[in-house]
Amino acid sequence: MNRVVLAGLALALALAAPAHAINVSGFKDAPITRLNAEELKAFRAAVMKTLDEAPDGTTVEWKAPKTRFTSKITPQKSFSDGALKCREAMVESDAHDLFQRGLYTFCKGAKGDWQFKLPAKQSKSK
C-alpha cells in the first residue's frame, strides 16, 4: 500500500470509531495523528455535522483548538446505496508538516451515524 492509501485509511478509522479505540501508530504520515484524543473527537463531530447539514459543494473548515491542524470538508455528491443514504466528501487536512487530500464515501448506519464505506473489491481480469 502506498502512503496516500494508508493516510486515507487512518482518516477513515478516525472518523468511523470513537477516539479512544483508534491506534494510528502505523499511520505516522497522516495529519490526524497530530490531534490529541479530545481534538480527534471534535474533528469527527465536525465531519459528521458537515455530512448531515452541508449542501453538496459547500466547504466547511475546522481548526483544532490547540494543535496546528486545519481540515476542509466538502461534500461532493449525495446518493443512495440500496436503503442507505450516502455521501462522497473531499477531505483536505493540513498539519503544517503533513498534508492529505482524499475523496471518501460515507453511508448512514442503522444508528444514524455516518460510517466510512470501504471501496468494493474489484475482480482482477486476465
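Data for the structure
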item: Residue ranges of strands (runs of 3 or more DSSP E) in segment 60-122 with at least 3 members open to solvent by less than 60 Å² (accessible area, probe 1.4 Å), touching a strand residue (DSSP E or B) at 6+ places or on another chain (Cβ under 6 Å) and on the phi < 0 side of the Ramachandran plot; result: 70-81, 84-94, 99-108
item: Any hit, segment 20-27, residues being over 15 Å from the mean Cα position of the chain (by Cα), at pLDDT below 90, farther than 20 Å from Leu118 by Cβ and in a loop (DSSP other than H, G, I, E, B); result: yes
item: Looking only at segment 32-58, and only at residues there that are hydroxyl-bearing (Ser, Thr, Tyr) and open to solvent by 20 Å² or more (accessible area, probe 1.4 Å), the one that is nearest to Arg87 (Cα to Cα); result: Thr58
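The values are calculated or read from the model by the stated rules, or taken from the named source; none is laboratory data. Just so you know, these numbers come straight off a predicted model, no measurement behind them. Note that each Cβ is placed from the backbone with ideal geometry, even for glycine, and that neighbours are counted across all protein chains shown. Remember, those area values only see protein heavy atoms, side chains included, never the ligands or the DNA or RNA. Shrake-Rupley method; radii C 1.70, N 1.55, O 1.52, S 1.80 Å.
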